[in-house]
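Just below is one structure, and these are the notes that go with it.
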Amino acid sequence: LKADTDAALAAAEDLRAWDAVRVGVLGKNGTLTQQLKELGKVSPEQRRERGAALNRLKDELASAIDARRAALEAAALDAQLAAERMDVTLPPRPVVPGLVHPISRTIEEMAAIFGAMGFGIAEGPDVEDDWRNFGALNIPAHHSAREDMDTFYLPGTDAQGRRRVLRTHTSPVQVRTMTSQEPPLRVIVPGRTYRADHDATHSPMFHQVEGLAIDRNLTLGHLKGCLIDFLRAFFGISNLPVRFRSSYFPFTEPSMEVDIGWNRKTGELGGGGDWLEILGSGMVHAKVLANCGIDPREWQGFAFGMGIERVTMLKHGIPDLRPFYESDIRWLRHYGFNP
Ligand code: PHE
């Protein structure tokens, strides 16, 4: 039995096979266990002698079995260590550092500039209802602005029976802010906006930053000062010419478009003699204040909105809009920023 067990143990290549040998010898129905049980059948003298011999054999077998287990475990550990071995002298693989997309960079810069003027950040959902995107902003149904904006409508209506749209501008967040916060308030709203428009200079998804300030005794002078300071800080040109031109938006009265000076031929910003339209603005229309539950006799507001891609292209001399959305690492290496 000892010889057979030794042979079986040597043949057991893993713990599972080893356990089968162990059970076959020392288990409840194992060969040795069987022989011990049969001691009851022999005479008392024989039993003493044979019993002592069997117990010695049992000890020998048990230690052989234990030794094999230890050997198998050591071998398994060696194999694992060999498999997991690593060469700590190898040079590391190059890590390609991430870069900040120019759109994110512009939003961060605007947050910093307006933050210093006391503006917080507000956000709203890309899927809006047509009341916040149009109605509350004094853009009635069938108004040309709804068609101008080439709205993407989603099927169905929300719980209040309002049509759902992909917001065509960040202005609905003006409504969300005024209906959820008490004035005075100052926020900027960066975010994605959508219009069914696609060519070399338009993308169906683009980004805007909205601004909204509500306070007592706010005037056009505050609006102008705020935007002139912002534009000069953002473009880093302390004497950047800024021009306010009378315009029309349904949600502001009066409304003004804002131009900055540049040189049309060279594309250089500053006092080049030409004007470039850069943002829309105005005093929040009394109807819009009232629609949002703010008393226009007590509170005034100014608001503005601008396209992020456009100011980013101007600031950094990026010639083409389309690569903004193409995730081309070569473009990002060229125009991206270190975090
Ligand atoms: N929402 C306007 C647009 O998308 C911009 C704007 C915002 C104008 C706020 C005035 C005030 O063109």
Fill in the blank from the handout: Amide H contacts under 5 Å for HIS285, restricted to residues at least 5 apart in sequence or on another chain and with H modeled in the peptide plane, are THR252, GLU253
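Where does each of THR33, THR89, THR312, THR252 land when they are ranked from fewest to most other beta-carbon atoms within 10 angstrom? Please list the in-between numbers first.
On the way: THR33 16, THR89 5, THR312 22, THR252 25.
Placing the least packed residue first, the sequence is THR89, THR33, THR312, THR252.
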Completion exercise
Taking the dipole of segment 28-96 about the Cα centre (Lys, Arg +1; Asp, Glu -1; charges at Cβ), the one of ALA52, VAL88, ALA64 that reaches farthest to the positive side is ALA52
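Which whole-number percent gives the relative contact order of segment 264-314, counting Cα pairs below 8 Å spaced six or more residues apart?
On the way: 34 pairs, mean separation 20.8, N = 51.
In percent, rounded to a whole number, it is 41.
Taking R0 as 35 Å, what FRET efficiency do you get between ASP295 and ASP320 from their Cβ-Cβ distance, rounded to the nearest 0.05? Each step should come with its number before you reach the end.
Working: r = 47 Å, r/R0 = 1.35.
After rounding, the FRET efficiency stands at 0.15.
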Problem - Debye equation applied to the C-alpha atoms of the chain, log10 I(q)/I(0) at 0.10, 0.11, 0.16 Å⁻¹ - result: -0.69, -0.80, -1.35
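Among DSSP bridges having both ends in the chain, what percentage is antiparallel? Round to the nearest 5.
Working: 46 of 48 bridges.
Here the antiparallel bridges make up roughly 95 percent for the chain.
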Problem - For segment 249-258, Karplus couplings with θ = phi - 60° (6.51, -1.76, 1.60), whole Hz, Gly/Pro x - result: 9, x, 9, 10, 7, x, 10, 9, 9, 10
Practice task
Please list, or write none, the lysines whose alpha carbon is within less than 19 Å of the alpha carbon of LYS315, excluding same-chain residues fewer than 8 places away.
Solution key: LYS265
Exercise for the section: Find which of VAL187, ALA141, ASN29 sits farthest along the positive direction of the dipole of the chain, computed with +1 on the beta-carbon of Lys and Arg, -1 on that of Asp and Glu, about the Cα centre. Expected result: ASN29
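Which of the GluC sites (Glu not before Pro) across segment 199-295 are loop residues per DSSP, with 16 or fewer other Cβ within 10 Å? List each step's numbers first, then the result.
Details: sites: GLU210, GLU257, GLU268, GLU277; in loops: GLU268.
Answer by residue number: GLU268.
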Exercise for the section: Give, as a single signed number, the net charge of other residues whose beta carbon lies under 15 Å from the beta carbon of ARG322, with Lys and Arg counted +1 and Asp and Glu -1. Expected result: -4
Completion exercise
Going from the fewest other Cβ atoms within 10 Å to the most, one would list LEU212, LEU72 as LEU72, LEU212
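I need the per residue convex hull volume for segment 1-85, using only the alpha carbons, in cubic angstrom as a whole number.
Value for segment 1-85: 71 Å³ per residue.
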Problem - Karplus 3J(HN,Hα) series, Hz, for segment 235-247 with 6.51 cos²θ - 1.76 cosθ + 1.60 (x for Gly, Pro) - result: 8, x, 10, 5, 10, 3, x, 10, 10, 9, 10, 4, 8
Handout entry: Check: the chain dipole with +1 on Lys, Arg Cβ and -1 on Asp, Glu Cβ, in debye
Key = 700 debye
Handout entry: Karplus-derived HN-Hα couplings along segment 283-293 (A = 6.51, B = -1.76, C = 1.60, θ = phi - 60°), whole Hz, x at Gly and Pro
Key = 7, 4, 4, 4, 5, 5, 4, 5, 4, 9, x
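Coordinate-derived values only; no laboratory data. Model, not experiment: these values are computed from the prediction. All Cβ positions, glycine included, derive from the backbone under ideal geometry; neighbour counts span all protein chains shown.
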